[in-house]
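As structure tokens, the structure follows; a few thoughts come after it.
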Amino acid sequence: MVVEIHKGESLELAHVQRTDMGAYYCIASNGVPPTVSRRYHVQVHFIPQVKAALQLVGAPLRSDVELQCYIEASPKAMNSWYREDALVSDKLLENPKFRIVERSVNEYSLWMNLTIKSLAFGDFGTYVCASVNALGKMESQVSLHKIDVNLNGPGDVPMVSGAAWQRARNLPARARASPSHYITQHLAQIHAILLTTLRYLYNDFT
């Protein structure tokens, strides 16, 4: 049972979880002011937990794409992105091509997002989100593939010859990005797919 207040001189936390981390106050009062309190901070240590928001991401050439990674770790971890299929698997560093942003959710969890700008042929492949602390290391992969958008056919309707599949991972509800975020992020791909579908429907009826 989860309670906000526990009466007694001692507090025992059994089978502690990550969600039990935080500040606890012991408050003593006998009806005569002032009351006296003491603050305790509970920290739970565990091996990092890493989940890619999308395991498979498709994007066209020359577009910008964002790869998202959700991380939970305590004690504090070293987090990084790197290319699995590169000749040298060094971590990716901030430069005009790559932008890495960490956004804290709470004291033990965060989003680490990698933005790849102006996609070229050499940018497609497998990217790895990694987190390591004193208790161990965990990784999660994202496969980035190319979507071909060509202009041909009646009315120069964009044609999609590649697949645009994206599978969401199970993430905590409070940390999961909203559907509108993904729609906005991949608006160009969605637009191309819809136009392609309309073209096929038009051909069937004519």
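Taking every residue in the stretch 112-140 that is free of Cβ contacts under 8 Å to residues at least 24 places away in the same chain and pairing it with any residue that is open to solvent by 10 Å² or more (accessible area, probe 1.4 Å) and of a type in the set (D, E, K, R), at least 6 positions away or on another chain, the pairs with Cβ-Cβ distances below 7 Å are Phe124/Lys146. Selection of the stretch 31-77 for residues being buried (at least 17 other Cβ atoms within 10 Å of the Cβ) and in a loop (DSSP other than H, G, I, E, B) yields Ala53, Pro60, Ala77.
Where residues in the stretch 108-127 are of a type in the set (Gly, Ala, Ser) and over 22 Å from Pro48 (Cβ atoms), which of them is least open to solvent (accessible area, probe 1.4 Å)?
Going through the stretch 108-127, the residues of a type in the set (Gly, Ala, Ser) turn out to be 109, 118, 120, 122, 125.
Applying the additional criterion that residues be over 22 Å from Pro48 (Cβ atoms) yields 118, 120, 122, 125.
On the way: Ser118: 63, Ala120: 46, Gly122: 58, Gly125: 14 Å².
Only one residue fits best here, namely Gly125.
Starting from residues that are assigned to a strand (DSSP E or B) and without any contact (Cβ under 8 Å) to a residue 40 or more places away in the chain, keep the ones in the stretch 3-30 and report whichever is most open to solvent (accessible area, probe 1.4 Å). Spell out the reasoning first.
Just the residues of the stretch 3-30 that are assigned to a strand (DSSP E or B), to begin with: 22-28.
If we keep only those that are without any contact (Cβ under 8 Å) to a residue 40 or more places away in the chain too, we end up with 23-28.
Values: Ala23: 49, Tyr24: 62, Tyr25: 144, Cys26: 64, Ile27: 117, Ala28: 59 Å².
The extreme case among them is Tyr25.
A Cβ distance below 9 Å, combined with a sequence gap of six or more or placement on separate chains, defines the contacts here; from the stretch 50-70, residues that are within 21 Å of Pro96 (Cα to Cα) reach residues that are among the hydroxyl-bearing types (Ser, Thr, Tyr) and open to solvent by 50 Å² or more (accessible area, probe 1.4 Å) in the pairs Leu61/Ser118; Arg62/Ser118; Ser63/Ser118; Asp64/Ser118.
The values are calculated or read from the model by the stated rules, or taken from the named source; none is laboratory data. Model, not experiment: these values are computed from the prediction. Methodologically, a virtual Cβ is constructed for each residue, glycine included, from the backbone with ideal geometry; neighbour enumeration extends over all protein chains shown. Just so you know, the surface numbers come from the protein's heavy atoms only, side chains and all, with ligands and any DNA or RNA stripped out. Shrake-Rupley method; radii C 1.70, N 1.55, O 1.52, S 1.80 Å.
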